[in-house]
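The values are calculated or read from the model by the stated rules, or taken from the named source; none is laboratory data. Values in this document were obtained by computation on a predicted structure and should not be read as measured data. We place every Cβ from the backbone using ideal geometry, glycine too, and count neighbours over all the protein chains shown.
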Amino acid sequence: MKQFYIIDFDSTFTQVEALDELARISLKKHPDREAIYKKIEDLTNLAMEGKLSFRESLSSRIQLLAANRNHLKQLITRLKKKISLSFSRNKNFFKKHTDTILIVSGGFKEFIVPVVLPYYIRKENIYANTFIFDKDDQIIGYDDMNPLSKEGGKVTLLKELNLPGDIYGIGDGHSDFQLKEFGMIKKFYAFTENIERKTVAEKADHVTPSFDEFLYVNKLPRAISYPKNRILCLVIGDVPDLAIQTLKKDGFSIRHKTSFEEKYVTNVGMMLLANGERLDDTKLERAIKLKTIGYLGNIKQKLSHELCTDMGIVVFDDPKNNPRNAEFIAKRMIEFINKGHTYLSSNFPNLQLPRMENAHRLIHIHKNIPGIMAQINQVFAHHNMNIAGQFLMTNAQIRYVITDVNTEYDKQVLKDLKQIDHTIKFRILY
């Protein structure tokens, strides 16, 4: 049985609401623009939360826009730069599932089609409203016979389509949830990467903070092996907001605390500490999921470098405590999690590599003991792995190995690599 994926456009496929953006373009020189922007945004939110009928919201917004075809061209350029990050990095998924992905939106084809076509989505699989223009190319209305212009329009459309298979819906609004409410889809995933509407999220089968998360829980091919929203990043102390926002923007789950609370010890994956903060060994040695620590100052005598190295925790600090570069350490942590880079680490051998396309990147950290590299490569040979590249860096305590392999392989190889003696940490990067 086929699996179909119904994806919303505004605040899901894109980071923004298109009509809100169109208003900011068309009303740029209007003296009351700020008040009108606010009114349009309020009308959008009321409809998305199910507090106002979609048709009433849509009609009111169109009347306020004062937009034309030239404004739409500007909007399309802007929207192409506002694709949701997790959708953008999973372009290959769309390429492989072009037959079964549908964009279903209360937005308008005039701007949706040119934005989603580069993602291998078929034009005939894009369902949306259409504008009506006057002779001067001004938008004066929309086709009110289109079911998507009406309340419950997505439900009506799916009834008409009668797709032969299991259907999964992804969106941020009330109209997306209605598909599940009326039994039109198997599961509804509330997409919260850009905005979380609590009235929608609490009704969802699953809250998905990113498209990576959706692909992960459904065991579908994805750009990264493990969704970053599942990696807990603990921020401790007086850390600049820019550093926190840098980590949050990349998709990590952030908790900002004044101390390393016991409840986070076993689950924390990343830590960013303000200058002057300390980490005691008793908690650190139990943080078995911790992958990297960033320190906004000189880390000397604030935590044990040796223990971090023994545990395979990559440490980045700023000995000069440069206040002009608040996001520098956060970016180093991100580069390690995303690409495996240890460049400028204070305890790991420095390694910086280009991303390898059409490959999976495996990271193996082990004690610096002779013979382990031979065992690693024996595992690859046993499973007939096609190795695209392999890189090794060492220091007195550990060896850090990155191997890029062909995407097709027996998953037993992952278990075998973890079980090699003296392995400290192993993970699939992407």
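If you go through the range 299-354 and keep only what is in contact (Cβ under 8 Å) with a residue 60 or more places away in the chain and assigned to a loop (DSSP other than H, G, I, E, B), you end up with MET311, GLY312, ALA326, GLU327, GLY340.
Do you know which residues across the range 197-238 are more than 27 Å from GLU408 (Cβ to Cβ), of a type outside the set (Gly, Ala, Ser) and without any contact (Cβ under 8 Å) to a residue 12 or more places away in the chain? The answer is LYS198, GLU202. Taking each residue of the range 23-37 that is among the β-branched types (Val, Ile, Thr) and looking for partners that are part of a loop (DSSP other than H, G, I, E, B) and crowded, with 16+ Cβ neighbours inside 10 Å with beta-carbon atoms closer than 9 Å, six or more apart or interchain, yields ILE25/ALA67; ILE36/LEU27. When ALA381 is tested against (1) over 26 Å from LEU242 (Cα atoms); (2) small (Gly, Ala, Ser); (3) touching a strand residue (DSSP E or B) at 6+ places or on another chain (Cβ under 7 Å), only condition (3) is not met. Selection of the range 408-430 for residues being in a loop (DSSP other than H, G, I, E, B) and without any contact (Cβ under 8 Å) to a residue 60 or more places away in the chain yields GLU408, TYR409, ASP410, LYS411, GLN419, ILE420, ASP421, HIS422.
Considering only the range 151-244, give the strands (runs of 3 or more DSSP E) lying wholly within it that have at least 2 residues that are more than 27 Å from LYS82 (Cβ to Cβ), in the same structural domain as THR44 (by TED's automatic domain parsing) and touching a strand residue (DSSP E or B) at 6+ places or on another chain (Cβ under 9 Å). Those strands (runs of 3 or more DSSP E) span 165-171. Quick check on THR100: is it at pLDDT below 95 and not acidic (Asp, Glu)? Considered against the rule, which asks whether it is at pLDDT below 95 and not acidic (Asp, Glu), THR100 comes out as no. Residue pairs whose Cβ atoms lie under 8 Å apart, sitting 6 or more positions apart in sequence or on different chains, and linking a residue in the range 1-21 that is basic (Lys, Arg) to a partner that is not in a loop (DSSP other than H, G, I, E, B), are LYS2/GLY165; LYS2/ASP166.
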